């Protein structure tokens, strides 16, 4: 049993974590086996996502303190909180993938940069590519025209080399 000071400390820590997180996902983990929960924690930790299980009343107090309107979070079952400070889609993507394999975990809601998301929006967020993938796509888009430009510029020189090569074979 937690005393009043421990509860205040938990709310304070959770409030700070919510304020500094770029995104967060709330999930119902009722009936999830301990070994599955441990596996999920390890996967989230590898990606830099924190995973906490906190009493509902403390979560609601932390949401109010973090200026997120808690009336959108109608939690009635035990809820886990996954917070990502670096990658906006990491928590959503990992939890979505895990919930496909283990039906006991259900995404309830979330938030992104202070905006509240419902379960469908969190799942849509999970379908987005990660920041690294988006940066790679951007580099590919930028490099494509440059690659074509280099090919066009090298065409006449290549043609000249081919003509000179053919001419040398005739002599």
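Residues in segment 115-131 that are assigned to a helix (DSSP H, G or I) and at pLDDT 80 or above: 119, 120, 121, 122, 123, 124, 125, 126. Being surrounded by fewer than 13 Cβ atoms within 10 Å (Cβ to Cβ), modelled with pLDDT of 85 or more and either under 29 Å from residue 6 (Cβ atoms) or out of contact with any strand residue (DSSP E or B) (no Cβ under 6 Å at 6 or more places or on another chain) (or both) holds for only one residue in 110, 155, 140, and it is 140. Would you mention how many residues in segment 8-58 are assigned to a helix (DSSP H, G or I) and in contact with a strand residue (DSSP E or B) (Cβ under 6 Å, 6 or more places away or on another chain)? Total satisfying the criteria: 3. You will find that of 40, 32, the residue that is over 20 Å from residue 15 (Cα atoms), crowded, with 18+ Cβ neighbours inside 10 Å, in the same structural domain as residue 98 (by TED's automatic domain parsing) and within 16 Å of the chain's Cα centre (by Cα) is 40 and no other.
Of the candidates 115, 123, 169, 93, the single residue that is within 28 Å of the chain's Cα centre (by Cα) and surrounded by fewer than 16 Cβ atoms within 10 Å (Cβ to Cβ) is 115. Within this structure, residue 77 passes the test of being part of a loop (DSSP other than H, G, I, E, B) and either assigned by TED's automatic domain parsing to the domain that holds residue 102 or under 15 Å from the mean Cα position of the chain (by Cα) (or both). Taken as a whole, segment 81-90 holds at least one residue that is modelled with pLDDT under 90, touching a strand residue (DSSP E or B) at 6+ places or on another chain (Cβ under 7 Å) and assigned to a helix (DSSP H, G or I).
The values are calculated or read from the model by the stated rules, or taken from the named source; none is laboratory data. Remember, predicted model here, so these are calculated numbers, not experimental data. Cβ coordinates were reconstructed from backbone atoms using ideal geometry, including for glycine residues, and neighbour counts include every protein chain displayed.
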